[in-house]
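S.K.: Right, I'll just put the structure down here and ask away after.
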Amino acid sequence: MKKSVFMLLITLLSLAANAQTPYRNEDGKKIDKEELETKDYLPEIHGTIRTKFEYQTEMAASRFEVRNARISITGNVLPIVAYKAEIDLSDEGQIKMLDAYARLFPIKDLTVTAGQMRVPFTIDAHRSPHQQYFANRSFIAKQVGNVRDVGVTLGYKFGTGIPVTLEGGLYNGSGLTNQKEWHKEVNYSAKAQFLFAKKLNLALSIQSIQPQDVRINSYDIGAFYESGRFHIEGEYLYKTYADNAYNNVHAINSFINYDLPLRKVFNKMSFLARYDMMTSQSDGKAIDEETGALVTTDYKRHRITGGITFSLSKAFRTDLRLNFEKYFYAKNSIAKESEQDKIVLELMVRF
């Protein structure tokens, strides 16, 4: 396995030497007529390196970690046929295949994506690591919201005054690993985004999966507003379990980001504050052997995060993040070691 991954990495790096062009095709896009003369169909190589240092104040212990080491290859084989393959060489120490899909653009504004991909659901869970504002993801993005699966997604864009993007699809519902399993139940996800005055983005999404015997339905509403140096965002997720197999789940993510331009060394300095919370939830897979009831996989907690980010570019390209996370648990909650008060220093590089 390691030898195969090493050979893949060497191949990607050799392609990167010849494939880097100003044409940014990070997720697979249609080639317009004006680009046909300059586009040579060479693949593009992209990657994200996130390395961090964490100090856990409750234990008075620390650790270094390579959180992500992602390499992706994207491109086109025809103007209306795109592809993407992405692998993470260090997803919390494990090698994982992430994106592996083909994308078609049969008619104007219609997209068909088949393979392994991000499921259209929520705002924060749909962000790639280099697009995240904080060193650690929100509870919605990490624990409560399902991010990737295998299936097919349809996307359609319309509207001029208020642009609307619709996405929806059918998926296995069992994540990225158990692709050989047969499924009798339909698992689906759908998302609608509305852009008002190019500043306010509203997103509504729904997801229905059945990991084991219990169907889980999730509903999400979120919005973010950008004006000048400010980015303000809020999101609420509500999850239910069929036949009252587990208590309903509520999750909130809200934060504000303010960018202060700098002239020397760094391009800008960002000040961030976040509040997020979640009630106890079950992933629908863990079952008590004696009672047959769903087991709690994540316990109720609240969190306040404060942070400063120094950036070497306006976009998410090279960021140095310093965050402090303060957790609040209920008396009957069990706190995991990695989900307690901590200081996080992270360096993120996107290429």
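The values are calculated or read from the model by the stated rules, or taken from the named source; none is laboratory data. Just so it is clear, the model here is predicted, and its values are computed rather than measured. Neighbour counts run over all protein chains shown; Cβ positions are idealised from the backbone, glycine included. Heads up: the accessible areas ignore ligands, DNA and RNA and are worked out on the full protein's heavy atoms, side chains in. Shrake-Rupley method; radii C 1.70, N 1.55, O 1.52, S 1.80 Å.
S.K.: Do you know the relative contact order of the chain, to the nearest whole percent, from alpha carbon pairs under 8 angstrom that are 6+ apart? Please list the in-between numbers first.
M.R.: Working: 871 pairs, mean separation 42.9, N = 351.
It comes to 12 percent, rounded to a whole number.
S.K.: Read phi for every residue in segment 49-55 and hand back ³J(HN,Hα) as whole Hz from Karplus 6.51 cos²θ - 1.76 cosθ + 1.60, θ = phi - 60°, with x for Gly and Pro.
M.R.: 10, 10, 10, 9, 10, 10, 10
S.K.: While we're on this one: For Asp91 and Tyr275, calculate 0.36 nm times their separation in residues minus their Cα-Cα distance, and state this gained length in nm to one decimal. Numbers along the way, then the final one.
M.R.: Numbers: separation 184, 0.36 × 184 = 66.24 nm, distance 2.52 nm.
Stretched fully, the Asp91-Tyr275 segment lengthens by 63.7 nm.
S.K.: Enumerate the calculated ³J(HN,Hα) couplings along segment 260-266 in order (Karplus 6.51 cos²θ - 1.76 cosθ + 1.60, θ = phi - 60°), each rounded to whole Hz, writing x wherever the residue is Gly or Pro.
M.R.: For segment 260-266, the Karplus curve yields 10, x, 10, 10, 10, 6, 9 Hz.
S.K.: Separate question: Given a 1.4 angstrom probe, I'd like the percentage of the accessible area of the chain that is carbon and sulfur, rounded to a whole number.
M.R.: 60 percent
S.K.: Sequence neighbours fewer than 8 away in the same chain don't count; with that in mind, list the lysines whose C-alpha is under 21 Å from Lys142.
M.R.: Qualifying lysines at Cα under 21 Å: Lys52, Lys96, Lys191, Lys239, Lys285, Lys300, Lys326, Lys336, Lys342.
S.K.: Further question: Using amide H atoms built 1.01 Å from N in the peptide plane, name the residues 5+ places from Asn187, or on other chains, whose amide H lies under 5 Å from its own.
M.R.: Tyr171
S.K.: Using a 1.4 angstrom probe with every protein chain in place, what is the largest-first accessible-area order of Arg137, Arg148?
M.R.: Sorted descending by solvent-accessible area, the residues read Arg137, Arg148.
S.K.: Per residue, how much accessible area does the chain show when a 1.4 Å probe rolls over the protein heavy atoms, in square angstrom?
M.R.: Values: 18430 Å² over 351 residues.
The answer is 53 Å² per residue.
S.K.: Name the lysines eligible as straight-distance cross-link partners of Lys108: C-alpha to C-alpha under 17 Å, and not fewer than 8 places from it in the same chain.
M.R.: Lys29, Lys30, Lys33, Lys157
S.K.: Over all distinct Cα pairs, what is the inverse of the mean 1/r for segment 175-276, reported as the Kirkwood hydrodynamic radius in Å?
M.R.: 16.7 Å
S.K.: Here's a follow-up. Could you estimate the translational diffusion coefficient of the chain from the Stokes-Einstein equation, with Rh from the Kirkwood formula over C-alpha pairs, at 37 °C and 0.692 mPa s, in whole µm²/s?
M.R.: Here the translational diffusion coefficient equals 150 µm²/s.
S.K.: Using only alpha carbon pairs under 8 Å that are at least six residues apart, calculate the relative contact order of segment 147-303 and give it in whole percent.
M.R.: Across segment 147-303, relative contact order equals 13 percent.
S.K.: Let me ask another. What FRET efficiency comes out for Glu26 versus Glu290 if R0 is 35 angstrom and r is the Cβ-Cβ distance? Round to the nearest 0.05.
M.R.: Details: r = 48 Å, r/R0 = 1.38.
The formula returns an efficiency of 0.10 here.
S.K.: Shifting gears a bit: Trypsin sites (Lys or Arg not before Pro) within segment 154-223: which are DSSP loop residues with at most 12 other Cβ atoms inside 10 Å?
M.R.: Here the sparse-neighbourhood loop sites are Lys180, Lys184, Lys198, Lys199.
S.K.: In the chain, once you exclude exposed GluC sites (Glu not before Pro) (DSSP loop, at most 14 other Cβ within 10 angstrom), what's the longest stretch remaining?
M.R.: Answer - 186-288.
S.K.: Do any trypsin sites (Lys or Arg not before Pro) in segment 223-278 lie in a DSSP loop with no more than 12 other beta carbon atoms within 10 Å, and if so, which?
M.R.: In loop regions of segment 223-278 (DSSP not H, G, I, E or B), the sparsely surrounded trypsin sites (Lys or Arg not before Pro) are Arg263, Lys264.
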